Structures are given as C-alpha cells and as structure tokens.
Amino acid sequence: MPVGTQATVKSMTPEELKEEVKAQIILSNTYHLYLRPGSKIVKEAGGLHKFMNWDRPILTDSGGFQVFSLGDLRTISEEGVEFKSHLDGKKLFFTPESVMETEEDLGADIIMAFDECCPYPSTYEYTKNSMERTTRWAKRCKEAHKTVDKQALFGIIQGGFYKDLRTQSAKDLVELDLPGYAIGGISVGEPKEEFLDILRFTTPLMPEDKPRYLMGVGTPDYLIEAAIAGIDMCDCVLPTRIARNGTALTSHGKVVVRNAIYERDWGPLDPECDCYTCKNYTRAYIRHLVKAKEILGVRLLSIHNLRFLTNLMEKVRIEIENDNLANFRDEFYKKYGYTD
C-alpha cells in the first residue's frame, strides 16, 4: 500500500497511482489529518475519497505510532494519550473513542484500532502493560465504532519481542472477532533476525480467513519474507522517501542516481521495469533533474519506486499460485544483491 500521509502520496496524482503504479489501495494518516486540515473538514468534503479524488480503497492508521513517536511530548494513561502537536505545540488528547470518531469522519474503508507501539528495546514489564492496554483500547474502539457496515475495523497485535506476550495479544484480539488483524511493533529498528523471528511466530496466530496486515514494511526483502510468512498487506513510506533523496529501487539493487557514474548513462533506471519512467527517461536525465532540484526528478523516481514494489507483489502473487515463492525469493535475492 503506497502511503499518502497527508491525503496524498507525495508528488503523485490519483491517475498516476492507478494507471502507472497500479495501486489497489493507499494509506492515510489519522494523526496528521486530525491536525491539518482537520477531520471535520474532510467529513464536510464528503470523506477522504472525494477530498483527494481517489475512488479505490483507503486505509487509515490510528495515529498511534505517530503519537508514541513523540517521546517526551506525550503522556500515556488508561484513558488515552495527551500530547503536543508537532505543528504548534498545542496540547491534545487522543482516546480510543476520539480516534474512532476521527477515523469515521475521514471515511476510509479500513480503519485501525488505537494502540500503543513500544519502542525498541523495551522491558518485559513495560511491554506487558502496554500490550494489555492495547487490548483494552481495542475493546473500547470496537464498542465506539458506529459505521460497522461501511468501515472495517482492524485490531493490532502488540507484545514487542516477547513471544508469550504476542501469543496473549493475538488470542485476546481474535476473540473480539474483528474483520482483520495487523502486526504492530516490529520493523522499529531491531535486527533483521529478530524481525523475522517475531514475524514468523506471530502470523500463524492470526485467523487464516481474514486479512493479515504487517505495518510499516516496504523493502523488497521484507515484503517477500512477509508474503512467505502469510501476510497479505504491507505499507511503507520508503519508496517515495528515498525518491526524494535521488535513489531508485531496481531488480539489481538500489541505484543512487545522483552519483556521477550516471552522468552519461543513457539507459533506463531498470531495463526490466514496465513503468512510465523507465519507458521514457534515462538515468542521465533523471540525475540531471535531481542535481538541479527539479520537482520532475522526484516525481519520476516516485513513479518508478512505487511501481517497482507493486510489480514485485504482482510477481509474488503469481509465484504463490505456482507454489514457487521460496525459489523466487532466492533468485530475486541473488540478482538484487542481498547476501543473507
């Protein structure tokens, strides 16, 4: 899922996302849209779909990760979280009930329960208290959720890197019988081995007949490993963020197109890519745009990076049908340059 934090995937039009990137669903951020322009304004506009001219599905996160990333600027209690706006320092308060109201105003098709995302590393006691609070908040979200026929509420499994806590979190949330479930609190700075261990342990605890969502993952290796583990949905800001830094994802690894080696490179970013950028522009031209700080350079790199990942997942779906995903992973890793 491409990330459209502020009700826009950075530098992309909805038409480009549909026709060039072939995105099926995008994600927007509750915290940022609550602050600006305000969820009530979005509601007056007819909801996010009309506001941003996007007629395909949208998922809104709960804002929990953003709020808890504020560190010393927020205070957690059983009722909710008091925090200071990163825009103007104004004191604000999020509760499970207020987050549900905000997400209902935004009008996304999938909405996330309000959760607490633990920092890495965290002690067992802190993580246990946080996980249990997340479960209580999920119950309050379900009770407060009014638009059940229009919006699917997903629960978020927490528990840090403690398997007994992950087991308990999954058990308690599955008992709520929500339409889908997510794994939160991993891919937060831990070593890859720990990420894979918790991913592979937690995913089988989730219902097989409901969507399984891994939050905040977007590198090719993590996407493939997530699919092998049984995950259905992922999101990440990575493809557009690295585009703004002049970097492209390609079938043979990352290309830092701003580097001097590409000054006279008349080939596409990736000869194996079917995107608009690769069919029409050279590395040399895109390097020129990036060095000259032209907006078009960021746009062309964003189109390519987003399409590279949606194309990768199209291939993953085919390999799942062919029962060949493990072989595909090994071949992709070898070509991409992964050594593990």
Distance (nanometres) between label positions extended 7 Å along Cα→Cβ at ASN280 and ILE295: 1.6
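Using the eigenvalues of the Cα gyration tensor, what equivalent ellipsoid semi-axes result for the chain when each is taken as the square root of five times the eigenvalue, whole Å, largest first? Intermediate results must be reported in sequence, preceding the final value.
Working: eigenvalues 226, 117, 70 Å².
Sorted largest first and rounded, they come to 34, 24, 19 Å.
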Helical contribution to [θ] at 222 nm, DSSP H n ≥ 4, -39,500 (n - 2.57), averaged over the chain, rounded to 500: -13000 deg cm²/dmol
In range of the label at THR13: residues from segment 36-50 whose backbone nitrogen is under 19 Å from the point 7 Å along Cα→Cβ: 49-50
Length released on extending from ASN129 to GLU190, taking residue separation times 0.36 nm less the Cα-Cα span: 19.9 nm
Hydrodynamic radius (Kirkwood) for segment 19-155, which is based on Cα pairs only, to one decimal in Å: 15.6
Protein accessible area in segment 142-208, 1.4 Å probe - carbon and sulfur %: 52
Under 15 Å from the GLN24 label point (7 Å along Cα→beta-carbon), backbone N, segment 141-169: none
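Of all accessible surface on segment 219-330 at a 1.4 Å probe, what whole percent is carbon and sulfur?
Values: 2640 of 5330 Å².
The computed percentage sits at 50.
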Cα long-axis angle, helix 163-174 against the chain (0 to 90 degrees, to the nearest 10): 70
Cβ crowding within 10 Å averaged over residues, with 100-113, 243-256, 139-152 ranked highest first: 100-113, 243-256, 139-152
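Of all accessible surface on segment 7-128 at a 1.4 Å probe, what whole percent is carbon and sulfur?
52
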Estimated inter-spin distance, GLN6 and TRP266, nm [label 7 Å along Cα→Cβ]: 4.0
Helix 220-229 axis, angle to the chain major axis (alpha carbon atoms, nearest 10°): 50
Accessible area (Å², per residue) of the chain, counting only protein heavy atoms and a probe of 1.4 Å: 46
Nitroxide proxy distance, nm - points 7 Å out along Cα→Cβ at SER251 and TYR338: 1.7
Length gained when the stretch ASP330-ALA45 is fully extended (0.36 nm per residue, less Cα-Cα span): 97.9 nm
Between helix 325-336 and the chain: long-axis angle, C-alpha atoms, 0 to 90°, nearest 10: 50
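Contour minus end-to-end for LEU92 and ASP55, with contour as 0.36 nm per residue of separation and end-to-end as the Cα-Cα distance?
Working: separation 37, 0.36 × 37 = 13.32 nm, distance 3.16 nm.
Contour length minus the Cα-Cα distance gives 10.2 nm.
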Protection proxy ranking of 267-276, 226-235 - average other beta-carbon atoms within 10 Å, highest first: 226-235, 267-276
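The values are calculated or read from the model by the stated rules, or taken from the named source; none is laboratory data. Remember, predicted model here, so these are calculated numbers, not experimental data. Cβ: placed from backbone, ideal geometry, glycine included. Neighbour counts: every protein chain shown. The area values use the complete protein model at the heavy-atom level, side chains included, leaving out ligands, DNA and RNA. Shrake-Rupley method; radii C 1.70, N 1.55, O 1.52, S 1.80 Å.
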